[in-house]
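Here's the structure we're looking at; comments come further down.
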Amino acid sequence: MSTLSYEPAQRRLRVSGACGREDAARLREAVSAYARPGETLIVDLTAVTDATSDVGRALLDARRTAACRVTLLRKSGSPVDSCLRTGQPGISSERRG
């Protein structure tokens, strides 16, 4: 199970650890809860060690339906990066490190 923490000053939701099927709904709800119209929410996935396809779909769905722009920050070539790319062919990383 992953760990979620929110940093309001930076409008950043940090996710760390392994993200499994049980985390998908939790992540979707967290993005929805912290999305504010007219602002950008950063979902920092750089500390995610593993992610299932359910998590990738949940994050992409949450980004698509959020009340604001959602940036999914992850490491290039990481398990979560691969998961997101598999979930939506042709996806471009907004920020990768």
Which of (1) modelled with pLDDT of 95 or more; (2) under 13 Å from the mean Cα position of the chain (by Cα) is the odd one out, the single condition VAL55 does not satisfy?
(1)
Count - residues of the range 36-59 that are surrounded by 22 or more Cβ atoms within 10 Å (Cβ to Cβ) and out of contact with any Lys or Arg (no Cβ under 6 Å at 6 or more places or on another chain)
6
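For the range 50-69, how many residues are of a type in the set (A, V, I, L, M), in contact with a Pro (Cβ under 9 Å, 6 or more places away or on another chain) and not in a strand (DSSP E or B)?
Taking the range 50-69 as the starting set, the residues that turn out to be of a type in the set (A, V, I, L, M) are 51, 55, 58-60, 62, 66-67.
Those left that are additionally in contact with a Pro (Cβ under 9 Å, 6 or more places away or on another chain): 51, 67.
Right, trim to not in a strand (DSSP E or B) and you get 67.
Of the residues in the range 50-69, 1 are of a type in the set (A, V, I, L, M), in contact with a Pro (Cβ under 9 Å, 6 or more places away or on another chain) and not in a strand (DSSP E or B).
What about ALA47, is it more than 11 Å from VAL15 (Cβ to Cβ) and either among the aliphatic types (A, V, I, L, M) or assigned to a strand (DSSP E or B) (or both)?
Values: more than 11 Å from VAL15 (Cβ to Cβ): no; either among the aliphatic types (A, V, I, L, M) or assigned to a strand (DSSP E or B) (or both): yes.
No: the conditions fail for ALA47.
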Residue under question is GLY90, and the condition is that it be modelled with pLDDT under 95 and either open to solvent by 10 Å² or more (accessible area, probe 1.4 Å) or in contact with a helix residue (DSSP H, G or I) (Cβ under 8 Å, 6 or more places away or on another chain) (or both); does it hold?
yes
Of the conditions (1) modelled with pLDDT of 95 or more; (2) outside any helix (DSSP H, G or I); (3) open to solvent by 50 Å² or more (accessible area, probe 1.4 Å); (4) not aromatic (Phe, Trp, Tyr), GLU29 clears all except one; give me its number.
(2)
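What about ARG14, is it buried (at least 18 other Cβ atoms within 10 Å of the Cβ) and assigned to a strand (DSSP E or B)? Give the steps one after another, and end with the answer.
Details: buried (at least 18 other Cβ atoms within 10 Å of the Cβ): yes; assigned to a strand (DSSP E or B): yes.
Yes.
The values are calculated or read from the model by the stated rules, or taken from the named source; none is laboratory data. Worth saying up front: this structure is predicted, and the values here are computed from it rather than measured. A quick note on method: Cβ atoms are made from the backbone with ideal geometry, for glycine too, and the neighbour counts reach across all protein chains shown. All accessible areas refer to the heavy atoms of the entire protein, side chains included, with ligands and DNA or RNA removed. Shrake-Rupley method; radii C 1.70, N 1.55, O 1.52, S 1.80 Å.
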